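The structure appears below as structure tokens.
The values are calculated or read from the model by the stated rules, or taken from the named source; none is laboratory data. Keep in mind that this is a model prediction, so the values were computed, not measured. Calculation scope for accessible area: heavy atoms of the full protein, side chains included, ligands and nucleic acids excluded. Shrake-Rupley method; radii C 1.70, N 1.55, O 1.52, S 1.80 Å.
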Amino acid sequence: MTSLPPPDPGFLPGIAIDTRCTASGTPVVTLYHPHAHALNDGVGSAMLAIASRLGLRYGRHLPRTGEYIYDLYEGWFLDYGHPRDVLHFTPDFLWPHMVRGAGGAVVAVSLEHEPRPVEDERILTGRLALRRRPPRTWPSAR
């Protein structure tokens with residue numbers, strides 16, 4: 001996957017986030033965009049940039065990414081590679097307990113308008129470790 005610049009923070013409010021667990025209890029956080037089905041090149045490029053920065057791979061192989069999911073006092077965060085911003089999200093009720101117990105989560109970026117595309121070529125996945133302290137100051141994490 002080529003290196004793409006991170007999407008502008010203005011793109012983030014349009015991203016939908018699905019937090020759930022697999023049948024085996026593995027916590028998964030999936031990023032997708034409701035307008036991805038319109039074959040919007042801007043949406044597709046932005047989602048690919050996020051997946052590229054997180055080190056995700058096509059399909060459901062779940063490689064380790066070297067990136068983290070952050071459990072901070074203010075909430076849950078993903079660092080998607082923007083120098084001044086992070087993605088803040090609010091998971092379902094039990095999901096945080098599962099992530100804490102597992103020490104991390106599976107992360108997926110769907111290139112469709114839904115969190116679980118049928119084709120493996122339309123989803124990128126990886127594994128994130130859990131961290132409780134950010135590596136730097138995030139203006140949006142205050």
Debye calc, one equal point scatterer per Cα of segment 44-142, no solvent, log10 I(q)/I(0) at q = 0.10 1/Å comes to -0.26
Amide H contacts under 5 Å for Ile123, placed H, 5+ residues apart: Gly59, Leu111
Quick one: accessible area per residue over the chain, 1.4 Å probe, rounded to a whole number of Å²? 54
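Percent of accessible area on segment 13-111 owned by carbon and sulfur, 1.4 Å probe? Intermediate results must be reported in sequence, preceding the final value.
Details: 2570 of 4720 Å².
Of the solvent-accessible surface of segment 13-111, carbon and sulfur hold 54 percent.
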